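J.: Sharing a structure here in structure tokens format.
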2 protein chains.
Amino acid sequence: MKKVAVVGYGNTKFSTDDIPIESLLLESTKEVFNTTNNLSQDLIDGVIVSTNDNSKYLGAILSELSGIKPKISHTVEHLCSSGTAATVSAFSYIASGLADIILVAGADKSDNPGQVLDWDRSRGEFTRPIYWASMFTKAHKRKFNTTEEELAVVSAKNHKQALDNPHAYSHKAYTIPEIMNSKNITDDLRMLDCSYSCSGSSSILLASEDIAKKFTDSPVWISGIGQKTSSASFTKNDLTNLDTTKSAADIAYNMAKATANEIDVAEIHDAFSICELMAVEDLGLAKKTTGAEFVRNLFNTENRQINPRGGLIGAGHPLGATGISQIVEITQQLQNKAEKRQVSNANKGLVHNMSAAATSSTVLILES
Amino acid sequence: MKKVAVVGYGNTKFSTDDIPIESLLLESTKEVFNTTNNLSQDLIDGVIVSTNDNSKYLGAILSELSGIKPKISHTVEHLCSSGTAATVSAFSYIASGLADIILVAGADKSDNPGQVLDWDRSRGEFTRPIYWASMFTKAHKRKFNTTEEELAVVSAKNHKQALDNPHAYSHKAYTIPEIMNSKNITDDLRMLDCSYSCSGSSSILLASEDIAKKFTDSPVWISGIGQKTSSASFTKNDLTNLDTTKSAADIAYNMAKATANEIDVAEIHDAFSICELMAVEDLGLAKKTTGAEFVRNLFNTENRQINPRGGLIGAGHPLGATGISQIVEITQQLQNKAEKRQVSNANKGLVHNMSAAATSSTVLILES
């Protein structure tokens, strides 16, 4: 298997502006061209688009708009984890030898259709993510006595960290009381416990080991990949852990020959505050039942190890872009280019992305 | 690069019935399980869905319905060539070593949204495929004096060949005069020059060389892959050839170390009758300017070398399934299991699929 590196990237601002999906994709792609050494259109073998948008043929449309004539091109969709799914697909084209250089561009609009899983209507009211997140939260409170204040710490930390992310949707720090007094959406979740569906785009350029150094002095290698889909429905027996996240993490750590305590910085899928508390445990970054304490300690010590760009809660959640924007952040961290967000001595990073109440999860390990 | 084989397959009937997309995908997937030796759900590493349907998360939905808990899962869309794009993606997962066994399931409904490329409205009236096909036809008539009768031969041959395809949409042979007198849709194309958008599904199972023989005594190897996307718009200078088909064929033949005259049987993307005349030339199966004569000779001698299952014109065109159903046909031919459709001594086969006036093409070479 050929080694594959992230060698370039670009982000748009995440916002609620109504921007055409093609324009979003093009803007982050242009940023890749503007910031990557020696990159020209003719070098690119593949253009993979990640989105939940209903527009068709976006791989070809983005190729035409950006002057690329690729061999490989298509759209990848897998709800919230589309971006990491597209990245793993691009990885495999390169690792197999079918391609050397692939652009992965993710985007969604704030009104994207991936926010509701129509197929699940027969199962009750779980079409909107907030319903499963509320059940997770209630179960967590019952089993572990998790408090509203502990949930609020996640949101406070991520909104605060987002202040140093120029592309983030949120511009505002919130106090813990402000979060705890924000509008109740369900019994167990408040407005500021939730991420926001945004318009936004993030793109990365992947290259094989043979050519990676042409584009950057500091390629970031994708050394571990773990993925798992258990179902498409909210049919879990135990609501207090993310089974597929644990499976995906095991596979990824094994492939990277790494352990959780080697991870210096991680992007975690905090679609709702409860998700970060659960994920830090299921990824092995904190011991079981200590997730809330772990996150509180990060907040109190201003340690940006988890979600340095503000997570989905602070940065916003343009579904098809999210996984890719997480990879951009970890790449910048491992290149020591994350500016005010920089975590010290970041050599090994992790990306955690998931869909539909963690019925699918992806974990990537990145190394400098 | 690990070798990858087609080791199982399933088709539904192609029809205009209104069947839910999930049910279509499940039906062809069940057929794969029913007809493949030693296959169980736990062996499958990936479930890739190919479709233009707007439903989200279909990879996970199909996995749940069929009892698979895959590592890799997502949807691939690239208009009419979604099926071959998904197959190449699955190939690369296996060839890279990330997976050993992947199910690729394609489906669309007869009213699928991939029939119109909304983005192209700014370019005029080319949103409906018949417009570009008409321009191809008119240009071909002007340059090569191609006749309506020569176009009708393509349709007559493919409708006739579809009679022996139990899954085909068309059940009827047409005489050349019947085709030439069918309803005019545009100046240059008649009803019976067109393929029909259908409801239907086709699935294949791909496996690595390490495990392929577990599932079949006669794996069919994907030995050549060529893909090319030139643009997303109808902006060709020369309307009498399929540039991307030629590029994709060159790449595929080169990878397979094969030449066009070794191809015993081919599935060609005859969305409209003109496409088959152009493609047989651009794939090198007939010399330039002799496509019509080549196809007429096949028809007159009842030689099923091109589009033995009836092509898109005879079998129907459920967009996301089409590329996969082409692969199923070539697999059956190379396994000598194509029954009444069997081409004699079929050892090497070709699949040609394309999107949007051949602004994208894929060519696969398969070998027994």
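The values are calculated or read from the model by the stated rules, or taken from the named source; none is laboratory data. Note that this is a predicted model, so its numbers are computed, not measured. In this analysis, Cβ positions are derived from the backbone assuming ideal geometry, glycine residues included, and neighbour counts consider all displayed protein chains.
J.: Among (1) modelled with pLDDT of 95 or more; (2) within 14 Å of chain A (Cβ to nearest Cβ), there is one condition B:N300 misses while meeting the rest; what is its number?
T.: All conditions are met except number (2).
J.: For the subset of the range A:63-76 comprising residues that are polar (S, T, N, Q) and farther than 17 Å from B:A90 by Cα, which member is nearest to the other protein chains (Cβ to nearest Cβ)?
T.: Across the range A:63-76, the extreme among qualifying residues is A:S63.
J.: Output the number of residues of the range B:261-290 satisfying the condition of being touching a residue at least 40 places away in the same chain (Cβ under 8 Å), in a helix (DSSP H, G or I) and either over 24 Å from B:P318 (Cα atoms) or not small (G, A, S) (or both).
T.: 8
J.: Oh, and also: Taking the condition touching a strand residue (DSSP E or B) at 6+ places or on another chain (Cβ under 7 Å), within 10 Å of chain A (Cβ to nearest Cβ) and of a type outside the set (V, I, T), does B:L79 pass?
T.: Here the answer is yes, as B:L79 does meet what is asked.
J.: For the range A:17-62, how many residues meet the condition of being more than 14 Å from chain B (Cβ to nearest Cβ) and more than 23 Å from A:S218 (Cβ to Cβ)?
T.: 4
J.: Counting only residues that are more than 14 Å from chain B (Cβ to nearest Cβ) and assigned to a strand (DSSP E or B), which one in the range A:310-358 is surrounded by the most Cβ atoms within 10 Å (Cβ to Cβ)?
T.: For the range A:310-358, the residue satisfying everything is A:H352.
J.: Is there a residue being closer than 24 Å to B:L366 by Cα, under 22 Å from the mean Cα position of the chain (by Cα) and free of Cβ contacts under 8 Å to residues at least 60 places away in the same chain anywhere in the range B:57-72?
T.: No - not one qualifying residue is present in the range B:57-72.
J.: Further question on the same structure: Which residues, taken from the range B:223-252, are crowded, with 24+ Cβ neighbours inside 10 Å and either within 11 Å of chain A (Cβ to nearest Cβ) or on the phi > 0 side of the Ramachandran plot (or both)?
T.: Within the range B:223-252, B:I225, B:G226, B:Q227, B:K228, B:T229, B:A232, B:T244, B:A248, B:A252 qualify.
J.: What residue, of B:N241, B:N254, is in the same structural domain as B:K287 (by TED's automatic domain parsing) and assigned to a loop (DSSP other than H, G, I, E, B)?
T.: B:N241
J.: Is there a residue in the range B:153-162 that is assigned by TED's automatic domain parsing to the domain that holds B:C275, buried (at least 17 other Cβ atoms within 10 Å of the Cβ) and without any contact (Cβ under 8 Å) to a residue 40 or more places away in the chain?
T.: No, the range B:153-162 contains no residue that is assigned by TED's automatic domain parsing to the domain that holds B:C275, buried (at least 17 other Cβ atoms within 10 Å of the Cβ) and without any contact (Cβ under 8 Å) to a residue 40 or more places away in the chain.
J.: State yes or no: is A:L98 within 11 Å of another protein chain (Cβ to nearest Cβ), crowded, with 20+ Cβ neighbours inside 10 Å, over 14 Å from A:A207 (Cα atoms) and in contact (Cβ under 8 Å) with a residue 24 or more places away in the chain?
T.: no
The rows are residues; the columns are (1) among the polar types (S, T, N, Q); (2) touching a Cys at 6+ places or on another chain (Cβ under 8 Å); (3) outside any helix (DSSP H, G or I).
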{"residue": "B:K30", "(1), (2), (3)": "no, no, no"}
{"residue": "B:N37", "(1), (2), (3)": "yes, no, yes"}
{"residue": "B:D53", "(1), (2), (3)": "no, no, yes"}
{"residue": "B:I68", "(1), (2), (3)": "no, no, yes"}
{"residue": "B:A86", "(1), (2), (3)": "no, no, no"}
